[in-house]
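Worksheet: the structure to be examined is printed underneath.
The values are calculated or read from the model by the stated rules, or taken from the named source; none is laboratory data. Every value quoted in this text rests on a predicted model; they were computed, and no experiment measured them. Glycine also receives a Cβ, built like all others from the backbone with ideal geometry; neighbour counts cover every protein chain displayed.
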Amino acid sequence: MDLGNRSLWIFDMDGTLTRSVHDFETIRNTLGLAEGAPILESIAAMDDAEQAAALGEVAAWERSLVARAAAQPGATELLTRLRSRGARLGILTRNLRSLAHLTLAEAGLAEYFAPADVLGRDSAAPKPSPEGIQLLLEQWNGLAHEAVMVGDYVFDAQAGRAAGVATILLDPDHRPEWRGFADLVLDELADLLEHLNG
């Protein structure tokens, strides 16, 4: 896949640009969810009162992790390279938008993203919905063939595929069931530098 002509780059945050510190099974246990169940989708199936309580629990858990945020190896170099080429950079996370801003700041990555280009689950339907990608493309007056979605989870690749953009999956665990949604599969973010031209 030629990445040289891709000028619109959308990144997942947790586990992609920042080191993964989320123990998702812990919050699933707190909420009484089945092992491996998608958290936001499971909450959406609850009644209104349960939803409100569960979302409050998730937000408090996410907020508690902000202070541990750190950039992935290669993140600063990659974002600097893309910015030097004139690329537009965005974030699409299943986290809350306000906490995404705090996390990026704590990890030393906030300077690479315009505030309006950081979207969370309260900005658009969460991934795997393509809505957030489509919203960023609209904000940028961009087209799908100019864009790339980079993430470390199947929902990232599924959202990108549904939006018609190129998809890059970071998959150090080599999960074959996820790879069909990705145009390029890498072990880690730093490997992406080798795929950029120039």
Handout entry: Subset of the range 144-155 (residues that are over 13 Å from residue 9 (Cα atoms) and either among the hydrophobic types (A, V, I, L, M, F, W, C) or part of a helix (DSSP H, G or I) (or both))
Key = 154, 155
Exercise for the section: Could you please give the count of residues in the range 117-143 that are in a loop (DSSP other than H, G, I, E, B) and of a type outside the set (A, V, I, L, M)? Expected result: 11
Practice task
Hey, could you check the range 18-28 for residues that are at pLDDT below 85 and of a type outside the set (Val, Ile, Thr) and say which is farthest from the chain's Cα centre (by Cα)?
Solution key: 25
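The rows are residues; the columns are (1) buried (at least 20 other Cβ atoms within 10 Å of the Cβ); (2) touching a strand residue (DSSP E or B) at 6+ places or on another chain (Cβ under 6 Å).
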residue	(1), (2)
63	no, no
69	yes, yes
79	yes, no
82	yes, yes
86	no, no
90	yes, yes
105	no, no
114	no, no
Exercise for the section: Could you check how many residues of the range 145-164 are touching a Leu at 6+ places or on another chain (Cβ under 7 Å), under 14 Å from residue 3 (Cβ atoms) and of a type outside the set (A, V, I, L, M, F, W, C)? Expected result: 1
Completion exercise
Quick count over the range 170-198, residues being part of a loop (DSSP other than H, G, I, E, B), in contact (Cβ under 8 Å) with a residue 12 or more places away in the chain and of a type in the set (Gly, Ala, Ser), is 2
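Considering only the range 92-112, state which residues are outside any loop (DSSP other than H, G, I, E, B) and touching a residue at least 12 places away in the same chain (Cβ under 8 Å). Walk me through how you get there before you give the answer.
Of all residues in the range 92-112, those outside any loop (DSSP other than H, G, I, E, B) come to 92, 97-106, 110-112.
Within the range 92-112, 92, 97, 98, 99, 100, 101, 102, 103, 104, 106, 112 qualify.
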